[in-house]
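Encoded as structure tokens, the structure appears first; notes follow it.
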Amino acid sequence: MEAVLSHSRYKYCEWSDKPLTTNAFVHMLTNCFEYLGGVPEELVFDQDKILAVRENYDDIIYTHEFEKFKQAIGFKVYLCRPYDPESKGLVKACIKYVKYNFAANRVYDSLCGWNAACKDWLVRTANRKQHGITKKVPSEVFSDEKAHLRPIPHTIKQPAAIITRQVRKDNTVLFEGNRYSVPVGTFKPGIEVEIKNQGNSRSIWDIEGETLIATHVLSKDKGKLIQNTNHRRDHSQRIDELYQKVLGILGNTEAAATLLDAIRKVIWPFALVFKRWNLVIILLL
């Protein structure tokens, strides 16, 4: 990852020996803010799938991990338009400079050593020598520009790893070489879920982490379908019917609807089973 401040041309670089993921990029961006000692008001990015899922009439839908990080830190984002060199020329020039001035003809020993050498090079060369266009030394201009950076929130230093997966059309989630089932009807185009570690089991939650969808014991095998037989049943229609009947028994009041909505959210995929005067909640086995 390479970053450059637009006014001072002060640079930051961090390398990876693996394809970037959203979590890895967020981790690098956090390191960048700490290196700069603050957060810029607006960040300009090239469009990439690790940042943005899609664009809907100029409304950018970001990946879940990046959206949470963006809101926590509080910076604005501008995504460059495709085939628009004027909006990304500054970063492209920085990438070219790092590749040919630092990386070219340098012996790679390890990722840790490579990143350490890169930071030394930033101090010694990239941020210390006079810039070819501005004719100013980036480190000297940065001393004034730094005063305009916003403080880094103390609550966020290194974000916790968030594991997300897309729900497949067969209502399964691919994780560590196996397919884990979720209830029928969970799949929608583009829907993602969050996977949480619970000892030797994994729980699958909605993307906001508020509703439990499924729990499975983690399999050590590969290529297996780990399925809960209850997930093959479509309970939605039956639950809707029971919901309306129970709501009628409780008088169709707003308070009753709020109660049933809360119960349904907490116990899904459970079912509401009632008798005329008693409401019983049971787990469908």
request  = Kindly list the residues of the range 1-21 that lie in the label zone of residue 130, defined by a backbone N under 18 Å from the point 7 Å along the Cα-to-C-beta vector.
outcome  = 8-10
query = Quick one: what Rg and Dmax do you get for the range 163-232 from the alpha carbons, in Å?
reply = 10.9, 31
task = Kindly flag which residue pairs out of 49/146; 92/188; 70/169; 49/76; 88/188 have an alpha-carbon separation exceeding 27 Å in this structure.
result = 49/146; 92/188; 70/169; 88/188
ask   = Convex hull over the alpha-carbon atoms of the range 1-93: what's its volume per residue in Å³?
value = 111
query = Say each of residue 152 and residue 218 gets a label point 7 Å from the Cα, pointing the same way as Cα to Cβ; how far apart are those two points in nm?
reply = 2.9
remark   = Once the in-chain neighbours fewer than 8 apart are removed, the aspartates and glutamates whose Cα is under 12 Å from residue 129 read 140
Amide H within-cut-off set for residue 136, under 5 Å, with H built and near neighbours excluded = 131
request  = Work out how much length residue 261 to residue 115 would gain on full extension: take 0.36 nm times their residue separation and subtract the Cα-Cα distance, in nm to one decimal.
outcome  = 47.4 nm
inquiry  = If R₀ is 35 angstrom, what is the calculated FRET efficiency for the pair residue 59 and residue 101, using the beta carbon separation as r and rounding to 0.05?
reply    = 0.35
Highest-first arrangement of 66-75, 193-202, where packing means the average Cβ count within 10 Å = 66-75, 193-202
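Bear in mind these aren't lab numbers, they're just calculated from the coordinates by the rules spelled out. This is a predicted model, so every value here is computed, not measured. Note that we place each Cβ from the backbone using ideal geometry, even for glycine, and neighbour counts take in every protein chain shown.
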